[in-house]
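**Student:** Sending over a structure as structure tokens; questions will come in a sec.
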Amino acid sequence: ATLNLGYNDIDDEGLHALVAGLINCHNLTTLCLSGNELITEAGLRSLSTLFQSDHCRLECLDLDQTNIDNNGVAVLSAGLASLPTLTNLDLNNNRISDKGLLALGGCLVSCNLEDLSLARNVFAVSGLKSLGELMQSATRMKSLNLCGNAIDDEGLQCLVEGIVNCCSLTDLDLSNNQSITAAGLTSLSPFFRSDDCCLEELWLREINFGDEGAAALANGLIGNESLTTLPFSLVRSGMTSRGWAAFSKLLCDTTSVNNTYLSNHTLELIGRWNNGGTPPDIARYLEMKQRFVTQVAMVKVITSHPHLKMEPFFPWRLKFLPLVVACFDKVKFIFGLSETGQDLSIVYQFVRGMPLFVVRSYAGENAHRKRKRDEREA
């Protein structure tokens, strides 16, 4: 069951009366009290008794914009420590600082939290260190929202130290932390390259990270196979063509066939939704990922190397040839490419490189057809 009492001017007395009615309720799973800024420490103490009830099965708690400070968090934490069913906690738009995060981290270790929102609070480096320590123990945490917290490079580094071995985090929002620079984004590299990294979405809206920040992100994401979505503000990012070039090389390094094959084939969005405003070459690489999925590496190789050498594939003999030609046909059809002769060139290279094998295969196929024809006529 869900109970939404957001923006109702509920005060401590009202919350106390509410808790008295809910104390024996065993089917309430979602409680929203957002926007009730009259609630103080006394009201949160009443709420904490609800969490400690044997009947409480609360899974989602929304306390967005309820004027909670460090003392309020400490009172709340005492009850949350007894609530193993809680998976979603929203504490956005409050007055929680480092001391409050320390208290919160101590209690959430006993929860099975999956989604934690702490956007637009006032914590700094020591608070992020506490949060990082929490993340080391929060084995089920999937989403962490830290938007608008004045996080700087040092704070981000403290956070990364905690999440670097986190194997559950899929969504991290660092938007509107305008003190983050290229140095801070560089500290994300160990996390991106960790074998435990399963991050799928990294939000960096309203951050002016510039070309150096773009290069730091691109370098860090080399070899990463989890991140699919990287939203940021195109104008406010401060990026120029130099920054976009770093992303282009990340997606398709054309310096060699091998480097193209080993490029990042996981990213699906960079910048705006639908990749609006993204340079054409990057938009095309991202479209390849969406259209070809498992064959995207081969497609990038084919479209980036018009004079592709087939000698390394000769050990597979003619087994590899139909796959390459079929892939050429699919690429030309989807992207509307004109005939370039690449597919004919590949066939020519196979015939020239293995003439006797091709002739034998052709002769063998003809003999097989003749036998079949003779069997039908007999």
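**Student:** Could you count how many residues in the stretch 272-282 are open to solvent by 30 Å² or more (accessible area, probe 1.4 Å), more than 16 Å from Arg242 (Cα to Cα) and either hydroxyl-bearing (Ser, Thr, Tyr) or in a helix (DSSP H, G or I) (or both)?
**Tutor:** Qualifying residue count for the region: 2.
**Student:** Identify all residues within the stretch 15-35 that are closer than 17 Å to Ile68 by Cα and either open to solvent by less than 30 Å² (accessible area, probe 1.4 Å) or part of a loop (DSSP other than H, G, I, E, B) (or both); write none if there are none. Give the derivation first.
**Tutor:** In the first step, residues of the stretch 15-35 are kept if they are closer than 17 Å to Ile68 by Cα; the result is 15-16, 31-35.
If the condition is that a residue be closer than 17 Å to Ile68 by Cα and either open to solvent by less than 30 Å² (accessible area, probe 1.4 Å) or part of a loop (DSSP other than H, G, I, E, B) (or both), then Leu15, Leu31, Cys32, Leu33, Ser34, Gly35 are the ones that fit.
**Student:** Among the strands (runs of 3 or more DSSP E) lying completely within the stretch 162-271, list those that include at least 2 residues that are crowded, with 19+ Cβ neighbours inside 10 Å. So that I can check it myself, show each step before the final result.
**Tutor:** Numbers: elements: 171-173, 201-203, 229-231, 269-271.
Result: 171-173, 201-203, 269-271.
**Student:** So Leu86 clears everything in (1) farther than 25 Å from Gly220 by Cα; (2) in contact with a Ser or Thr (Cβ under 7 Å, 6 or more places away or on another chain); (3) open to solvent by less than 20 Å² (accessible area, probe 1.4 Å); (4) not hydroxyl-bearing (Ser, Thr, Tyr) except one condition, right? Which one?
**Tutor:** For Leu86, the exception is condition (2).
**Student:** For the stretch 111-161, what are the residues that are touching an Asp or Glu at 6+ places or on another chain (Cβ under 7 Å), open to solvent by 10 Å² or more (accessible area, probe 1.4 Å) and within 17 Å of Glu206 (Cα to Cα)?
**Tutor:** Hits for the stretch 111-161 are Asn145, Cys147.
**Student:** Take the conditions out of contact with any His (no Cβ under 7 Å at 6 or more places or on another chain), at pLDDT below 95 and within 26 Å of Leu118 (Cβ to Cβ) and apply them to Cys56. Does it pass? Step through it out loud before you land on a result.
**Tutor:** Values: out of contact with any His (no Cβ under 7 Å at 6 or more places or on another chain): yes; at pLDDT below 95: yes; within 26 Å of Leu118 (Cβ to Cβ): yes.
It is true that Cys56 is out of contact with any His (no Cβ under 7 Å at 6 or more places or on another chain), at pLDDT below 95 and within 26 Å of Leu118 (Cβ to Cβ).
**Student:** What is the number of the single condition among (1) at pLDDT 95 or above; (2) touching a helix residue (DSSP H, G or I) at 6+ places or on another chain (Cβ under 7 Å) that Glu13 does not meet?
**Tutor:** Among (1) at pLDDT 95 or above; (2) touching a helix residue (DSSP H, G or I) at 6+ places or on another chain (Cβ under 7 Å), Glu13 violates only (2).
**Student:** I've got another one for you. Which of (1) open to solvent by less than 40 Å² (accessible area, probe 1.4 Å); (2) polar (S, T, N, Q); (3) touching a Lys or Arg at 6+ places or on another chain (Cβ under 6 Å) is the odd one out, the single condition Asn93 does not satisfy?
**Tutor:** Result: Asn93 fails condition (1) only.
**Student:** What single numbered condition from (1) out of contact with any Phe, Trp or Tyr (no Cβ under 9 Å at 6 or more places or on another chain); (2) in a loop (DSSP other than H, G, I, E, B) fails to hold for Ala150?
**Tutor:** Every condition holds for Ala150 apart from (1).
The values are calculated or read from the model by the stated rules, or taken from the named source; none is laboratory data. Bear in mind that the values here come from a model prediction, so they are computed numbers and not experimental data. For neighbour counting, all protein chains shown are included, and Cβ atoms are generated from backbone atoms with ideal geometry for every residue, glycine included. SASA here: full protein model, heavy atoms, side chains in, ligands and nucleic acids out. Shrake-Rupley method; radii C 1.70, N 1.55, O 1.52, S 1.80 Å.
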